[in-house]
Amino acid sequence: MIRRATRFLDERAGAAPILRKALRYVFPDNWSFLLGEIALYSFIVLVLTGIYLTFFFEPSLKDTVYHGSYEPLQGQKMSEAYRSVVDISFKVKAGLLIRQTHHWAADVFVVAIVLHLLRVFFTGAFRKPRDLTYYVGILMLMTALLEGFLGYSIVDDLLSGMGLAIAYSVVLSLPVVGASVAVLIWGGAYPGLPSFESRMYIAHVFLLPVAIAILLSVHLLLVAARHHTQFPGPKRTERRVVGLPMVPAYVPRTLGLAFAVVAVLVLLGGLVQINPIWQWGPYSVANGTNGAQPDWYLGWLIGALRLMPGFDVTMGNYTLIPNPFWGGVLFPLLVFAFLFAWPSIERRHTGDRDFHNLLDRPRDVPWRTAVGASVFSFVSIVFLAGAMDRVAVSVGVPYTWQIWIFRAALLVVPPIVFIVTRRMCSELREREWVEVEPTVARE
């Protein structure tokens, strides 16, 4: 069948050389390489479930009164957007399943990208000639974060409305241009013009998905053009790849992974509740709730806003830099600036400008591993601080105590992590050499 299909395409498009090369493409065999594929298949589920949801969602802030099947909301005033999502959850066939599968796919998509990024960083997969591939992946992560935020913001429930209010304050904190940018996006003072809902909707269902698809395609093309990296092993060199050919070995494996990802996401959508907006109720500017939490991938931004001391840069009666700027804008910019700058920093530090197709084990480059673990611990502490209100309500630890504990941890933990990680990597390398050296001497 493959031979006949190849002959058919070659006779009509001269595609035999391309097909031959594609079918002989070799994939190195390591479980960590599957993280990128999980992200890809989660994105496909996101697109398919999102298309289904667009048939029933109303991107309108026009007021209406609810007379649906969910009794606790009967007679309440709400927007068309919120009403349509409640109807999707209770009236549309398979609506709740598809909606929750869509939400879980978004969470898994970002998880897979973050884990994939960590694997790339700690194994040195960002080095020449794959630094451009690495940059495209970071841009994809940034776009995915914005896409996810808009996804649960267009619902117009109490949780999403509070999140948008925080985002509005962060945008206003931009020095000099903050007010102008806020008016440009929202159309006026918060909550903005009714057309803001349509803007978010268009960005969420068209602009950002197209951007992610383009970045994902470029990322995959660059991976294929420069080939996959591989860990050191028998017969593996900088110029020789050892692994599974696309056909017949790798295609069944990746198809099995695709079906497994879809199955897990659908099971999560059907069995594990996520974002029950009917419990939050419709958004009103006058309403608020304790313990409101965004999706996990924005927890680090909420944590940064909460941990930052009350510090404004003022000149006379004019506030040059409001407090939300430090945690909501500067902190994420510094994190992504570090990720973008690291290949150049390492290249300058080591003087290594060669091509690399073999990966490093984290222990083989102790200083890179130590720096990465230290930065990761810093961001993780800020991420955990995003749940301080839940800890205060659920466990009873005073909120102010937690603020000072987390602030102290930010100063103490990262240096300790750096020292311990570097020492552990060095010890592992030394022990490994002691074990290997007699064998090397005998050989």
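Just so it is clear, none of the values below were taken in a lab; they were calculated from the coordinates. This one's a predicted model, so the numbers in the text were calculated from it and none came from an experiment. We place every Cβ from the backbone using ideal geometry, glycine too, and count neighbours over all the protein chains shown.
For the reader, a short list of remarks on this structure follows.
- Single match in LEU46, LEU61 (criterion: hydrophobic (A, V, I, L, M, F, W, C), surrounded by 16 or more Cβ atoms within 10 Å (Cβ to Cβ) and in contact with a Ser or Thr (Cβ under 7 Å, 6 or more places away or on another chain)): LEU61
- Residue pairs whose Cβ atoms lie under 7 Å apart, sitting 6 or more positions apart in sequence or on different chains, and linking a residue in the stretch 320-342 that is at negative phi to a partner that is hydroxyl-bearing (Ser, Thr, Tyr) and exposed (fewer than 14 other Cβ atoms within 10 Å of the Cβ), are LEU320/THR314.
- In the stretch 339-385, the residues that are within 21 Å of the chain's Cα centre (by Cα), of a type in the set (Phe, Trp, Tyr) and farther than 16 Å from LEU301 by Cα: PHE340, TRP342
- Close pairs from the stretch 69-87: first free of Cβ contacts under 8 Å to residues at least 60 places away in the same chain, partner part of a helix (DSSP H, G or I) and of a type outside the set (Asp, Glu), Cβ under 8 Å, at least 6 apart: SER69/PHE90; ASP87/GLY95
- Whichever residue in the stretch 49-68 is touching a residue at least 12 places away in the same chain (Cβ under 8 Å) and among the aromatic types (Phe, Trp, Tyr) and, among such residues, is farthest from LEU268 (Cα to Cα): TYR66
- Which listed residue, of GLY310, GLY270, GLY299, is touching a Phe, Trp or Tyr at 6+ places or on another chain (Cβ under 7 Å) and small (Gly, Ala, Ser): GLY299
- Only residues that are charged (D, E, K, R) and within 13 Å of VAL371 (Cα to Cα) were counted in the stretch 337-352, giving 1.
- So ALA373, is it surrounded by fewer than 18 Cβ atoms within 10 Å (Cβ to Cβ) and under 22 Å from MET142 (Cα atoms): no
- Given (1) of a type in the set (S, T, N, Q); (2) out of contact with any Ser or Thr (no Cβ under 6 Å at 6 or more places or on another chain); (3) assigned to a helix (DSSP H, G or I); (4) more than 30 Å from HIS228 (Cα to Cα), number of the condition THR101 does not satisfy: (2)
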